[in-house]
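The values are calculated or read from the model by the stated rules, or taken from the named source; none is laboratory data. The model shown is predicted, which means the values in this text are computed figures rather than measured ones. In this analysis, Cβ positions are derived from the backbone assuming ideal geometry, glycine residues included, and neighbour counts consider all displayed protein chains. The protein model used for the area step is the full one, side chains on, heavy atoms only, and it has no ligands, DNA or RNA in it. Shrake-Rupley method; radii C 1.70, N 1.55, O 1.52, S 1.80 Å.
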Amino acid sequence: MQHVNKNNSIIFGKRVKELRLQFSHSLDDFVMQRGGISTATWSRVENGKNDFKLSTIITVASHLETTVSKLFEGIDLDYNILE
């Protein structure tokens, strides 16, 4: 089941990056303007490297001027992590 989690993280990260690029091509500039999340954390989100706290996801959505549900649109969340 880890494979599904990783694919979701990658899809989510790509979506975050696409939206961030609409605001700024520089990750550092974007994060410095918005605050609240380090450049390293934002980079890990965009690269699908970690699972994140809900508060981080909410902050990302807010900085991108979108909703959490829009960030997860089209991502398959219908799986059992115990399998």
Whichever residue in the stretch 45-63 is more than 15 Å from residue 31 (Cα to Cα) and within 9 Å of the chain's Cα centre (by Cα) and, among such residues, is surrounded by the fewest Cβ atoms within 10 Å (Cβ to Cβ): 47
Selection within the stretch 10-61 - under 19 Å from residue 76 (Cα atoms) and assigned to a loop (DSSP other than H, G, I, E, B): 47, 48, 49, 50, 51, 52, 53
Of all residues making up the stretch 20-39, the number that are out of contact with any helix residue (DSSP H, G or I) (no Cβ under 8 Å at 6 or more places or on another chain) and under 14 Å from residue 59 (Cβ atoms): 2
Within the stretch 64-81, tally of residues that are open to solvent by 50 Å² or more (accessible area, probe 1.4 Å) and closer than 17 Å to residue 6 by Cβ: 8
